[in-house]
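Worksheet for the structure shown next.
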Amino acid sequence: MARSDAGKLSLILLMTPFLMWIVLLIILPQIGIGYLSFQEKVGPRQYVFGVGNYVEFLSEPIYWNTLLRTAWMSILVTILALMIGFPVAYYIAKIARKRSRAALFLLCLIPLWVSDLVRAFGWIVLLRETGVISGALQSVGLIGGPVELLYNDITVVIGLVYTVVLFMIVPLVSTLEGMDNSLLEAGYNLGGTRFTVFRMIVVPYAMPGIVAGCIIVFMLTAGSYLTPILLGGKNSMWFTEQIYTQFITRYNWESGSTFGVLLLLFTSAVVWLGLRLTGQNLASTVAKE
Amino acid sequence: MNVAAPQSRFLRATYSGYLVLFFIYLAAPLVAAGVFAFNDSTFSALPWKGFTLDWFFGTTDPKVGMFHDRRLLRGMGNSLYIGVIVAALSVVVGTCNAFLFERKEFPFKSVLYILMVLPLVIPGVILGISILVFASMVANGVENGTGIDLGFLRPGLFLVIIGQFSFLTTITSLVIAARLRKFDVALEEAALNLGATRVRVLATITLPYLAPALFSAFIVGFLISFENFNTTLMLVGSDAPLTITMYDRMVKVGSTPVLNAVSFFLMVGSGLLALISVLAQRQRADD
(Lines give C-alpha, C1' and ligand atoms only; values in the text may rest on other atoms or scores of the structure.)
Protein backbone atom coordinates (compact mmCIF):
# COMPACT_ATOMS: atom_id res chain seq x y z
CA MET A 1 0.00 0.00 0.00
CA ALA A 2 2.72 2.43 1.01
CA ARG A 3 4.58 1.48 -2.11
CA SER A 4 1.73 2.30 -4.46
CA ASP A 5 1.23 5.62 -2.68
CA ALA A 6 4.88 6.41 -3.31
CA GLY A 7 4.36 5.36 -6.91
CA LYS A 8 1.42 7.72 -7.25
CA LEU A 9 3.32 10.56 -5.65
CA SER A 10 6.30 10.13 -7.95
CA LEU A 11 3.96 9.95 -10.94
CA ILE A 12 2.45 13.28 -9.93
CA LEU A 13 5.89 14.78 -9.33
CA LEU A 14 7.10 13.66 -12.75
CA MET A 15 3.90 14.61 -14.53
CA THR A 16 3.84 18.18 -13.21
CA PRO A 17 6.88 19.59 -15.06
CA PHE A 18 5.88 17.72 -18.20
CA LEU A 19 2.34 19.11 -18.18
CA MET A 20 3.51 22.63 -17.31
CA TRP A 21 5.93 22.56 -20.20
CA ILE A 22 3.53 21.14 -22.77
CA VAL A 23 0.46 23.10 -21.70
CA LEU A 24 2.05 26.48 -20.95
CA LEU A 25 4.68 26.60 -23.66
CA ILE A 26 3.22 24.54 -26.49
CA ILE A 27 -0.55 24.05 -26.35
CA LEU A 28 -1.76 27.37 -24.93
CA PRO A 29 0.52 29.48 -27.16
CA GLN A 30 -0.73 27.59 -30.25
CA ILE A 31 -4.31 28.20 -29.12
CA GLY A 32 -3.27 31.80 -28.55
CA ILE A 33 -2.21 32.41 -32.13
CA GLY A 34 -5.27 30.49 -33.31
CA TYR A 35 -7.48 32.83 -31.27
CA LEU A 36 -5.65 35.95 -32.41
CA SER A 37 -5.99 34.92 -36.04
CA PHE A 38 -9.77 35.21 -35.69
CA GLN A 39 -9.61 38.74 -34.28
CA GLU A 40 -10.60 41.30 -36.88
CA LYS A 41 -9.51 44.85 -36.30
CA VAL A 42 -12.47 47.22 -36.70
CA GLY A 43 -10.96 50.31 -35.15
CA PRO A 44 -8.09 51.40 -32.93
CA ARG A 45 -7.91 48.79 -30.14
CA GLN A 46 -11.26 47.37 -31.20
CA TYR A 47 -11.60 43.82 -32.37
CA VAL A 48 -14.44 41.49 -33.34
CA PHE A 49 -14.40 37.76 -33.83
CA GLY A 50 -14.34 36.82 -37.51
CA VAL A 51 -12.49 35.26 -40.41
CA GLY A 52 -11.44 38.61 -41.90
CA ASN A 53 -7.72 37.86 -41.64
CA TYR A 54 -8.13 34.65 -43.61
CA VAL A 55 -10.23 36.44 -46.22
CA GLU A 56 -7.51 39.05 -46.50
CA PHE A 57 -4.92 36.31 -46.98
CA LEU A 58 -6.93 34.79 -49.82
CA SER A 59 -7.75 38.09 -51.49
CA GLU A 60 -4.15 39.26 -51.58
CA PRO A 61 -2.35 37.22 -54.26
CA ILE A 62 1.09 38.10 -52.93
CA TYR A 63 0.33 36.33 -49.65
CA TRP A 64 -0.89 33.03 -50.99
CA ASN A 65 1.61 33.11 -53.80
CA THR A 66 4.33 33.33 -51.18
CA LEU A 67 2.90 30.33 -49.37
CA LEU A 68 2.64 28.32 -52.60
CA ARG A 69 6.14 29.30 -53.58
CA THR A 70 7.49 28.30 -50.17
CA ALA A 71 5.62 25.02 -50.52
CA TRP A 72 6.87 23.99 -53.91
CA MET A 73 10.40 25.09 -53.21
CA SER A 74 10.37 23.07 -49.97
CA ILE A 75 9.16 20.02 -51.88
CA LEU A 76 11.83 20.55 -54.51
CA VAL A 77 14.50 20.89 -51.81
CA THR A 78 13.24 17.70 -50.12
CA ILE A 79 13.43 15.72 -53.37
CA LEU A 80 16.88 17.08 -54.18
CA ALA A 81 18.13 16.35 -50.67
CA LEU A 82 16.91 12.77 -51.02
CA MET A 83 18.55 12.34 -54.42
CA ILE A 84 21.83 13.90 -53.30
CA GLY A 85 21.88 12.32 -49.87
CA PHE A 86 20.88 8.76 -50.75
CA PRO A 87 24.10 7.74 -52.55
CA VAL A 88 26.15 9.23 -49.72
CA ALA A 89 24.13 7.43 -47.06
CA TYR A 90 24.29 4.19 -49.04
CA TYR A 91 28.04 4.48 -49.33
CA ILE A 92 28.50 5.16 -45.62
CA ALA A 93 26.17 2.35 -44.57
CA LYS A 94 26.96 -0.39 -47.07
CA ILE A 95 30.23 0.19 -48.92
CA ALA A 96 32.72 2.01 -46.70
CA ARG A 97 34.93 -0.14 -44.51
CA LYS A 98 34.30 -0.04 -40.82
CA ARG A 99 36.84 2.55 -39.84
CA SER A 100 36.25 4.99 -42.68
CA ARG A 101 32.52 4.57 -42.09
CA ALA A 102 32.70 6.26 -38.69
CA ALA A 103 34.98 8.98 -40.03
CA LEU A 104 32.73 9.72 -43.02
CA PHE A 105 29.66 9.80 -40.82
CA LEU A 106 31.35 12.25 -38.48
CA LEU A 107 32.39 14.40 -41.46
CA CYS A 108 28.76 14.51 -42.49
CA LEU A 109 27.76 15.63 -39.01
CA ILE A 110 30.22 18.48 -38.64
CA PRO A 111 28.19 21.07 -40.58
CA LEU A 112 25.21 20.02 -38.46
CA TRP A 113 26.87 21.65 -35.48
CA VAL A 114 27.60 24.87 -37.29
CA SER A 115 24.98 27.58 -37.00
CA ASP A 116 22.71 28.26 -39.97
CA LEU A 117 23.99 31.79 -39.86
CA VAL A 118 27.62 30.77 -40.35
CA ARG A 119 26.69 28.45 -43.23
CA ALA A 120 24.68 31.15 -44.98
CA PHE A 121 27.51 33.60 -44.38
CA GLY A 122 29.95 31.12 -45.95
CA TRP A 123 27.80 30.94 -49.07
CA ILE A 124 27.66 34.73 -49.23
CA VAL A 125 31.45 34.97 -49.08
CA LEU A 126 31.68 32.41 -51.89
CA LEU A 127 28.93 33.63 -54.18
CA ARG A 128 28.54 37.39 -54.02
CA GLU A 129 29.73 39.73 -56.72
CA THR A 130 33.12 40.31 -55.10
CA GLY A 131 33.19 36.76 -53.79
CA VAL A 132 35.56 33.87 -54.19
CA ILE A 133 33.86 32.10 -57.10
CA SER A 134 33.26 35.23 -59.10
CA GLY A 135 36.91 36.19 -58.56
CA ALA A 136 38.19 32.74 -59.49
CA LEU A 137 36.13 32.66 -62.68
CA GLN A 138 37.51 36.05 -63.67
CA SER A 139 41.10 35.11 -63.03
CA VAL A 140 40.88 32.02 -65.26
CA GLY A 141 39.23 34.19 -67.89
CA LEU A 142 35.88 32.44 -68.10
CA ILE A 143 34.00 35.67 -67.52
CA GLY A 144 34.88 39.29 -68.25
CA GLY A 145 33.58 41.13 -65.20
CA PRO A 146 32.31 40.34 -61.73
CA VAL A 147 29.18 38.23 -61.65
CA GLU A 148 26.52 38.27 -58.93
CA LEU A 149 25.64 34.70 -57.99
CA LEU A 150 23.49 35.58 -54.99
CA TYR A 151 19.85 36.62 -54.93
CA ASN A 152 18.36 34.07 -57.28
CA ASP A 153 16.25 30.97 -56.79
CA ILE A 154 18.94 28.48 -57.73
CA THR A 155 21.25 29.82 -55.05
CA VAL A 156 18.45 29.66 -52.49
CA VAL A 157 17.80 26.01 -53.40
CA ILE A 158 21.50 25.15 -53.26
CA GLY A 159 21.79 26.81 -49.86
CA LEU A 160 18.67 25.14 -48.51
CA VAL A 161 19.71 21.69 -49.70
CA TYR A 162 23.04 22.32 -48.02
CA THR A 163 21.36 23.24 -44.76
CA VAL A 164 19.11 20.19 -44.63
CA VAL A 165 20.82 17.35 -46.50
CA LEU A 166 22.44 16.05 -43.31
CA PHE A 167 19.05 15.52 -41.74
CA MET A 168 18.30 13.28 -44.70
CA ILE A 169 21.56 11.33 -44.47
CA VAL A 170 21.40 10.50 -40.75
CA PRO A 171 18.09 8.55 -40.76
CA LEU A 172 18.99 6.93 -44.11
CA VAL A 173 22.30 5.63 -42.75
CA SER A 174 20.70 4.21 -39.63
CA THR A 175 18.06 2.40 -41.68
CA LEU A 176 20.39 1.11 -44.39
CA GLU A 177 22.89 -0.16 -41.82
CA GLY A 178 20.34 -2.75 -40.76
CA MET A 179 20.00 -4.18 -44.27
CA ASP A 180 21.59 -7.59 -44.71
CA ASN A 181 23.73 -7.95 -47.82
CA SER A 182 22.32 -11.43 -48.37
CA LEU A 183 19.07 -9.76 -49.40
CA LEU A 184 20.93 -8.15 -52.28
CA GLU A 185 22.70 -11.40 -53.09
CA ALA A 186 19.39 -13.22 -53.22
CA GLY A 187 18.06 -10.55 -55.55
CA TYR A 188 20.99 -10.95 -57.93
CA ASN A 189 20.85 -14.74 -57.76
CA LEU A 190 17.22 -14.61 -58.78
CA GLY A 191 18.30 -12.75 -61.89
CA GLY A 192 17.62 -9.18 -60.81
CA THR A 193 19.51 -6.40 -62.53
CA ARG A 194 21.14 -3.64 -60.48
CA PHE A 195 18.14 -1.46 -61.08
CA THR A 196 15.50 -4.03 -60.10
CA VAL A 197 17.43 -4.97 -56.98
CA PHE A 198 17.65 -1.30 -56.05
CA ARG A 199 13.98 -0.69 -56.73
CA MET A 200 12.55 -3.89 -55.29
CA ILE A 201 14.88 -4.44 -52.31
CA VAL A 202 16.92 -1.40 -51.30
CA VAL A 203 14.22 1.26 -51.62
CA PRO A 204 11.48 -0.67 -49.76
CA TYR A 205 13.96 -1.55 -47.04
CA ALA A 206 15.05 2.06 -46.66
CA MET A 207 11.49 3.40 -46.72
CA PRO A 208 11.20 4.24 -42.99
CA GLY A 209 14.45 6.21 -43.24
CA ILE A 210 13.34 7.92 -46.44
CA VAL A 211 10.05 8.98 -44.86
CA ALA A 212 11.72 10.19 -41.66
CA GLY A 213 14.34 12.13 -43.60
CA CYS A 214 11.80 13.69 -45.96
CA ILE A 215 9.56 14.83 -43.11
CA ILE A 216 12.36 16.41 -41.12
CA VAL A 217 13.83 18.04 -44.22
CA PHE A 218 10.49 19.37 -45.40
CA MET A 219 9.62 20.87 -42.01
CA LEU A 220 13.04 22.44 -41.64
CA THR A 221 12.91 23.93 -45.12
CA ALA A 222 9.39 25.30 -44.92
CA GLY A 223 10.17 26.81 -41.53
CA SER A 224 13.60 28.14 -42.43
CA TYR A 225 14.24 31.83 -42.30
CA LEU A 226 17.91 32.72 -42.60
CA THR A 227 18.94 30.87 -45.74
CA PRO A 228 16.19 32.13 -48.08
CA ILE A 229 16.49 35.66 -46.78
CA LEU A 230 20.26 35.99 -46.80
CA LEU A 231 20.80 34.12 -50.07
CA GLY A 232 17.62 35.21 -51.81
CA GLY A 233 17.76 38.85 -50.79
CA LYS A 234 14.78 41.14 -51.03
CA ASN A 235 12.93 39.06 -53.60
CA SER A 236 13.14 35.76 -51.78
CA MET A 237 9.38 35.77 -51.03
CA TRP A 238 9.59 33.24 -48.24
CA PHE A 239 6.57 32.71 -46.01
CA THR A 240 8.38 32.94 -42.68
CA GLU A 241 9.65 36.33 -43.80
CA GLN A 242 6.04 37.41 -44.33
CA ILE A 243 5.30 36.34 -40.75
CA TYR A 244 8.24 38.32 -39.44
CA THR A 245 7.20 41.38 -41.45
CA GLN A 246 3.65 41.26 -40.13
CA PHE A 247 4.78 40.80 -36.55
CA ILE A 248 7.81 42.99 -36.16
CA THR A 249 7.80 45.51 -39.02
CA ARG A 250 4.08 46.19 -39.44
CA TYR A 251 3.10 45.25 -35.91
CA ASN A 252 0.02 43.52 -37.29
CA TRP A 253 -0.08 40.57 -34.91
CA GLU A 254 -3.51 39.42 -36.06
CA SER A 255 -2.50 38.79 -39.64
CA GLY A 256 0.92 37.52 -38.52
CA SER A 257 -0.85 34.91 -36.38
CA THR A 258 -3.07 34.01 -39.31
CA PHE A 259 -0.01 33.35 -41.42
CA GLY A 260 1.55 31.33 -38.63
CA VAL A 261 -1.55 29.16 -38.32
CA LEU A 262 -1.65 28.67 -42.08
CA LEU A 263 2.01 27.66 -42.24
CA LEU A 264 1.52 25.21 -39.38
CA LEU A 265 -1.64 23.73 -40.91
CA PHE A 266 -0.01 23.46 -44.27
CA THR A 267 3.19 21.76 -43.09
CA SER A 268 1.19 19.43 -40.81
CA ALA A 269 -1.03 18.49 -43.75
CA VAL A 270 1.97 17.60 -45.89
CA VAL A 271 3.55 15.58 -43.09
CA TRP A 272 0.27 13.79 -42.37
CA LEU A 273 -0.18 12.99 -46.04
CA GLY A 274 3.37 11.69 -46.26
CA LEU A 275 2.85 9.46 -43.23
CA ARG A 276 -0.49 8.19 -44.54
CA LEU A 277 0.83 7.39 -48.00
CA THR A 278 3.75 5.42 -46.59
CA GLY A 279 2.02 3.85 -43.58
CA GLN A 280 4.40 5.25 -40.93
CA ASN A 281 3.60 7.05 -37.70
CA LEU A 282 4.94 10.25 -36.21
CA ALA A 283 6.28 9.05 -32.88
CA SER A 284 8.39 6.25 -34.35
CA THR A 285 9.54 8.41 -37.26
CA VAL A 286 10.74 11.47 -35.41
CA ALA A 287 11.86 9.95 -32.14
CA LYS A 288 13.89 7.07 -33.47
CA GLU A 289 17.35 8.46 -32.77
CA MET B 1 33.44 -9.22 -52.37
CA ASN B 2 30.97 -6.61 -51.28
CA VAL B 3 27.75 -7.23 -53.22
CA ALA B 4 26.46 -3.82 -52.19
CA ALA B 5 29.22 -2.00 -54.08
CA PRO B 6 29.19 -1.27 -57.80
CA GLN B 7 31.13 -3.94 -59.69
CA SER B 8 32.55 -2.20 -62.74
CA ARG B 9 35.60 -0.02 -62.32
CA PHE B 10 33.99 2.86 -64.18
CA LEU B 11 30.96 2.93 -61.89
CA ARG B 12 33.17 2.72 -58.82
CA ALA B 13 35.26 5.67 -59.97
CA THR B 14 32.13 7.69 -60.73
CA TYR B 15 30.75 6.88 -57.30
CA SER B 16 33.95 7.94 -55.54
CA GLY B 17 34.08 11.10 -57.63
CA TYR B 18 30.54 11.91 -56.59
CA LEU B 19 31.40 11.48 -52.92
CA VAL B 20 34.44 13.73 -53.22
CA LEU B 21 32.28 16.41 -54.86
CA PHE B 22 29.71 16.04 -52.11
CA PHE B 23 32.24 16.56 -49.36
CA ILE B 24 33.70 19.56 -51.18
CA TYR B 25 30.17 20.97 -51.29
CA LEU B 26 29.84 20.36 -47.54
CA ALA B 27 33.17 21.93 -46.70
CA ALA B 28 33.32 24.89 -49.12
CA PRO B 29 31.17 27.47 -47.30
CA LEU B 30 32.64 26.55 -43.92
CA VAL B 31 36.17 26.94 -45.23
CA ALA B 32 35.26 30.23 -46.91
CA ALA B 33 33.67 31.53 -43.72
CA GLY B 34 36.69 30.54 -41.64
CA VAL B 35 39.68 31.33 -43.82
CA PHE B 36 39.00 35.00 -44.40
CA ALA B 37 39.11 35.63 -40.67
CA PHE B 38 42.89 35.55 -41.12
CA ASN B 39 43.15 37.70 -44.24
CA ASP B 40 44.86 41.04 -43.69
CA SER B 41 42.29 43.01 -45.66
CA THR B 42 39.16 44.98 -44.84
CA PHE B 43 37.06 42.82 -47.18
CA SER B 44 36.37 39.16 -46.66
CA ALA B 45 37.31 38.35 -50.24
CA LEU B 46 40.26 37.44 -52.41
CA PRO B 47 43.01 38.48 -53.03
CA TRP B 48 44.91 37.09 -50.07
CA LYS B 49 46.86 39.91 -48.45
CA GLY B 50 48.73 38.00 -45.80
CA PHE B 51 48.02 36.39 -42.47
CA THR B 52 46.75 38.40 -39.51
CA LEU B 53 45.06 37.86 -36.18
CA ASP B 54 43.77 41.44 -36.11
CA TRP B 55 40.19 40.34 -36.76
CA PHE B 56 40.32 38.59 -33.43
CA PHE B 57 42.57 40.79 -31.32
CA GLY B 58 42.97 44.08 -33.23
CA THR B 59 42.22 47.23 -31.25
CA THR B 60 42.42 50.06 -33.77
CA ASP B 61 39.98 51.17 -36.43
CA PRO B 62 39.28 49.89 -39.08
CA LYS B 63 40.46 46.55 -37.73
CA VAL B 64 38.69 46.18 -34.42
CA GLY B 65 38.86 42.49 -33.61
CA MET B 66 35.92 40.53 -32.28
CA PHE B 67 37.40 40.38 -28.78
CA HIS B 68 37.46 44.18 -28.63
CA ASP B 69 34.10 44.75 -30.26
CA ARG B 70 31.77 45.71 -27.44
CA ARG B 71 28.51 44.70 -29.04
CA LEU B 72 29.82 41.32 -30.18
CA LEU B 73 31.22 40.68 -26.71
CA ARG B 74 27.93 41.60 -25.11
CA GLY B 75 26.16 39.28 -27.56
CA MET B 76 28.52 36.50 -26.63
CA GLY B 77 27.90 37.09 -22.95
CA ASN B 78 24.14 37.00 -23.48
CA SER B 79 24.39 33.80 -25.52
CA LEU B 80 26.48 32.16 -22.83
CA TYR B 81 24.06 33.19 -20.10
CA ILE B 82 20.99 32.05 -22.07
CA GLY B 83 22.68 28.83 -23.17
CA VAL B 84 23.67 27.69 -19.68
CA ILE B 85 20.25 28.40 -18.18
CA VAL B 86 18.32 26.84 -21.07
CA ALA B 87 20.54 23.75 -21.14
CA ALA B 88 20.30 23.24 -17.36
CA LEU B 89 16.52 23.70 -17.32
CA SER B 90 15.92 21.40 -20.25
CA VAL B 91 18.16 18.69 -18.78
CA VAL B 92 16.20 18.80 -15.51
CA VAL B 93 12.80 18.63 -17.18
CA GLY B 94 14.13 16.18 -19.77
CA THR B 95 15.21 13.82 -16.98
CA CYS B 96 11.74 13.98 -15.41
CA ASN B 97 10.19 13.27 -18.82
CA ALA B 98 12.53 10.34 -19.41
CA PHE B 99 11.53 8.73 -16.09
CA LEU B 100 7.89 9.52 -16.75
CA PHE B 101 7.78 7.81 -20.13
CA GLU B 102 10.22 4.97 -19.45
CA ARG B 103 9.12 3.96 -15.94
CA LYS B 104 5.52 4.97 -15.42
CA GLU B 105 2.24 3.72 -16.77
CA PHE B 106 -0.64 6.17 -17.00
CA PRO B 107 -3.70 6.80 -19.14
CA PHE B 108 -3.23 8.42 -22.60
CA LYS B 109 0.49 7.68 -22.48
CA SER B 110 0.86 7.40 -26.25
CA VAL B 111 -1.04 10.63 -26.88
CA LEU B 112 1.14 12.45 -24.37
CA TYR B 113 4.24 10.95 -25.97
CA ILE B 114 3.21 12.41 -29.31
CA LEU B 115 2.70 15.76 -27.57
CA MET B 116 6.21 15.46 -26.22
CA VAL B 117 7.82 15.04 -29.65
CA LEU B 118 5.52 17.62 -31.26
CA PRO B 119 7.76 20.66 -30.62
CA LEU B 120 10.32 19.14 -32.99
CA VAL B 121 7.96 19.43 -35.95
CA ILE B 122 6.70 22.95 -35.21
CA PRO B 123 8.77 25.48 -37.18
CA GLY B 124 10.93 27.62 -34.89
CA VAL B 125 9.43 30.88 -36.15
CA ILE B 126 5.96 29.68 -35.15
CA LEU B 127 7.11 28.57 -31.70
CA GLY B 128 8.57 32.05 -31.34
CA ILE B 129 5.46 34.00 -32.35
CA SER B 130 3.11 31.75 -30.41
CA ILE B 131 5.05 32.25 -27.19
CA LEU B 132 5.29 35.98 -27.90
CA VAL B 133 1.53 36.20 -28.41
CA PHE B 134 0.66 34.09 -25.38
CA ALA B 135 3.05 35.92 -23.06
CA SER B 136 1.65 39.27 -24.21
CA MET B 137 -1.91 38.07 -23.68
CA VAL B 138 -1.06 37.06 -20.12
CA ALA B 139 0.82 40.30 -19.48
CA ASN B 140 -2.02 42.42 -20.90
CA GLY B 141 -4.61 40.48 -18.94
CA VAL B 142 -2.72 40.96 -15.69
CA GLU B 143 -2.12 44.62 -16.43
CA ASN B 144 -5.77 45.32 -17.21
CA GLY B 145 -6.94 43.36 -14.20
CA THR B 146 -4.52 44.48 -11.52
CA GLY B 147 -2.44 47.29 -12.97
CA ILE B 148 0.77 45.34 -12.42
CA ASP B 149 3.10 45.33 -15.42
CA LEU B 150 4.81 41.96 -15.78
CA GLY B 151 7.77 43.30 -17.73
CA PHE B 152 9.46 39.92 -18.04
CA LEU B 153 6.66 38.72 -20.31
CA ARG B 154 7.63 41.32 -22.92
CA PRO B 155 10.34 40.48 -25.48
CA GLY B 156 13.65 40.00 -23.72
CA LEU B 157 15.96 37.48 -22.11
CA PHE B 158 13.22 35.66 -20.19
CA LEU B 159 11.14 35.00 -23.29
CA VAL B 160 14.20 33.92 -25.28
CA ILE B 161 15.01 31.40 -22.55
CA ILE B 162 11.43 30.14 -22.43
CA GLY B 163 11.24 29.94 -26.23
CA GLN B 164 14.41 27.91 -26.62
CA PHE B 165 13.52 25.73 -23.65
CA SER B 166 10.18 24.86 -25.25
CA PHE B 167 11.73 22.78 -28.04
CA LEU B 168 15.08 21.84 -26.50
CA THR B 169 13.32 19.86 -23.80
CA THR B 170 12.08 17.42 -26.43
CA ILE B 171 15.64 16.79 -27.57
CA THR B 172 17.07 16.34 -24.06
CA SER B 173 14.14 14.08 -23.11
CA LEU B 174 14.82 11.81 -26.09
CA VAL B 175 18.57 11.64 -25.40
CA ILE B 176 18.10 10.82 -21.72
CA ALA B 177 15.21 8.39 -22.32
CA ALA B 178 17.33 6.45 -24.82
CA ARG B 179 19.95 5.88 -22.13
CA LEU B 180 17.42 5.08 -19.41
CA ARG B 181 15.81 2.46 -21.66
CA LYS B 182 19.05 0.44 -21.65
CA PHE B 183 19.31 0.46 -17.87
CA ASP B 184 18.90 -2.92 -16.21
CA VAL B 185 16.19 -2.51 -13.54
CA ALA B 186 17.61 -5.54 -11.72
CA LEU B 187 20.41 -3.29 -10.44
CA GLU B 188 17.88 -1.05 -8.71
CA GLU B 189 15.98 -4.03 -7.36
CA ALA B 190 19.17 -5.52 -5.93
CA ALA B 191 19.94 -2.27 -4.11
CA LEU B 192 16.39 -2.06 -2.80
CA ASN B 193 16.57 -5.65 -1.55
CA LEU B 194 19.80 -4.81 0.22
CA GLY B 195 17.91 -2.16 2.15
CA ALA B 196 18.67 1.05 0.29
CA THR B 197 15.98 3.72 0.20
CA ARG B 198 14.52 4.81 -3.13
CA VAL B 199 16.27 8.17 -2.95
CA ARG B 200 19.58 6.49 -2.20
CA VAL B 201 19.15 4.10 -5.14
CA LEU B 202 18.44 7.04 -7.42
CA ALA B 203 21.46 8.99 -6.17
CA THR B 204 23.99 6.16 -6.11
CA ILE B 205 22.92 3.89 -8.97
CA THR B 206 20.48 5.31 -11.49
CA LEU B 207 21.73 8.89 -11.78
CA PRO B 208 25.43 7.93 -12.06
CA TYR B 209 24.45 5.52 -14.82
CA LEU B 210 22.62 8.36 -16.58
CA ALA B 211 25.43 10.87 -16.05
CA PRO B 212 26.99 10.60 -19.54
CA ALA B 213 23.59 11.11 -21.15
CA LEU B 214 22.83 14.06 -18.87
CA PHE B 215 26.20 15.53 -19.76
CA SER B 216 25.80 15.17 -23.51
CA ALA B 217 22.21 16.41 -23.32
CA PHE B 218 23.51 19.51 -21.56
CA ILE B 219 26.20 20.09 -24.19
CA VAL B 220 23.79 19.52 -27.07
CA GLY B 221 21.25 21.82 -25.44
CA PHE B 222 23.85 24.53 -24.92
CA LEU B 223 25.05 24.29 -28.53
CA ILE B 224 21.58 24.41 -30.03
CA SER B 225 20.66 27.33 -27.79
CA PHE B 226 23.85 29.18 -28.69
CA GLU B 227 23.17 28.76 -32.40
CA ASN B 228 19.43 29.19 -32.40
CA PHE B 229 18.14 31.99 -34.56
CA ASN B 230 14.54 31.51 -35.69
CA THR B 231 12.80 31.25 -32.33
CA THR B 232 15.09 33.80 -30.73
CA LEU B 233 14.50 36.37 -33.48
CA MET B 234 10.83 36.68 -32.56
CA LEU B 235 11.42 36.98 -28.81
CA VAL B 236 14.52 39.09 -28.56
CA GLY B 237 14.51 42.39 -26.71
CA SER B 238 17.42 44.75 -26.14
CA ASP B 239 19.78 42.01 -24.88
CA ALA B 240 20.54 40.34 -28.18
CA PRO B 241 22.50 37.07 -28.21
CA LEU B 242 25.45 36.61 -30.55
CA THR B 243 23.59 35.16 -33.55
CA ILE B 244 21.17 38.09 -33.60
CA THR B 245 23.99 40.63 -33.21
CA MET B 246 25.88 38.97 -36.04
CA TYR B 247 22.79 38.93 -38.27
CA ASP B 248 22.16 42.63 -37.62
CA ARG B 249 25.73 43.40 -38.55
CA MET B 250 25.44 41.34 -41.73
CA VAL B 251 22.27 43.10 -42.83
CA LYS B 252 23.29 46.63 -41.84
CA VAL B 253 27.05 46.81 -42.38
CA GLY B 254 27.51 43.99 -44.88
CA SER B 255 30.10 41.32 -44.39
CA THR B 256 33.32 42.36 -42.75
CA PRO B 257 36.13 39.99 -41.74
CA VAL B 258 35.07 40.43 -38.11
CA LEU B 259 32.09 38.26 -38.99
CA ASN B 260 34.48 35.69 -40.43
CA ALA B 261 36.28 35.76 -37.12
CA VAL B 262 33.02 35.22 -35.24
CA SER B 263 32.18 32.38 -37.63
CA PHE B 264 35.56 30.79 -37.05
CA PHE B 265 35.15 31.16 -33.31
CA LEU B 266 31.67 29.58 -33.46
CA MET B 267 32.87 26.69 -35.62
CA VAL B 268 35.84 25.89 -33.40
CA GLY B 269 33.78 26.29 -30.25
CA SER B 270 30.92 24.08 -31.37
CA GLY B 271 33.35 21.59 -32.91
CA LEU B 272 35.11 21.21 -29.56
CA LEU B 273 31.86 20.89 -27.64
CA ALA B 274 30.50 18.35 -30.12
CA LEU B 275 33.73 16.38 -29.77
CA ILE B 276 33.41 16.40 -25.98
CA SER B 277 29.85 15.17 -26.26
CA VAL B 278 30.88 12.40 -28.69
CA LEU B 279 33.67 11.34 -26.32
CA ALA B 280 31.23 11.23 -23.42
CA GLN B 281 28.99 8.99 -25.50
CA ARG B 282 31.90 6.79 -26.47
CA GLN B 283 32.70 6.22 -22.79
CA ARG B 284 29.09 5.31 -22.46
CA ALA B 285 29.43 2.63 -25.11
CA ASP B 286 32.41 1.11 -23.29
CA ASP B 287 30.79 0.49 -19.95
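Okay, residues lined up against (1) touching a residue at least 60 places away in the same chain (Cβ under 8 Å); (2) within 14 Å of chain B (Cβ to nearest Cβ):
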{"position": "A:72", "(1), (2)": "no, no"}
{"position": "A:81", "(1), (2)": "yes, yes"}
{"position": "A:93", "(1), (2)": "yes, yes"}
{"position": "A:103", "(1), (2)": "no, yes"}
{"position": "A:108", "(1), (2)": "yes, yes"}
{"position": "A:114", "(1), (2)": "no, yes"}
On the given criteria, is residue B:242 modelled with pLDDT of 90 or more and facing chain A (nearest Cβ under 8 Å)? no
Taking the range B:1-41 on its own, how many of its residues are under 29 Å from the mean Cα position of the chain (by Cα), of a type in the set (Val, Ile, Thr) and at pLDDT below 85? 1
Any residue at all in the range A:214-227 that's crowded, with 21+ Cβ neighbours inside 10 Å, touching a helix residue (DSSP H, G or I) at 6+ places or on another chain (Cβ under 7 Å) and within 19 Å of residue A:179 (Cβ to Cβ)? yes
Single condition residue B:232 does not satisfy, out of (1) part of a helix (DSSP H, G or I); (2) out of contact with any Phe, Trp or Tyr (no Cβ under 9 Å at 6 or more places or on another chain); (3) closer than 28 Å to residue A:248 by Cα; (4) at pLDDT below 90: (4)
Just to be sure I understand, how many residues within the range A:258-289 are surrounded by 18 or more Cβ atoms within 10 Å (Cβ to Cβ), modelled with pLDDT of 90 or more and closer than 23 Å to residue B:116 by Cα? 5
Select from the range A:193-216 the residues that are away from chain B (no Cβ under 12 Å) and in contact with a Leu (Cβ under 8 Å, 6 or more places away or on another chain) and write down the one among them that is farthest from residue B:155 (Cα to Cα). A:206
Test result for residue A:64, at negative phi, assigned to a helix (DSSP H, G or I) and loosely packed, with under 11 Cβ neighbours inside 10 Å: no
Identify all residues within the range A:129-185 that are part of a helix (DSSP H, G or I), polar (S, T, N, Q) and surrounded by fewer than 16 Cβ atoms within 10 Å (Cβ to Cβ); write none if there are none. A:138, A:139, A:181, A:182
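The values are calculated or read from the model by the stated rules, or taken from the named source; none is laboratory data. This structure is a prediction, so every number in the text was calculated from the model and none was measured. Methodologically, a virtual Cβ is constructed for each residue, glycine included, from the backbone with ideal geometry; neighbour enumeration extends over all protein chains shown.
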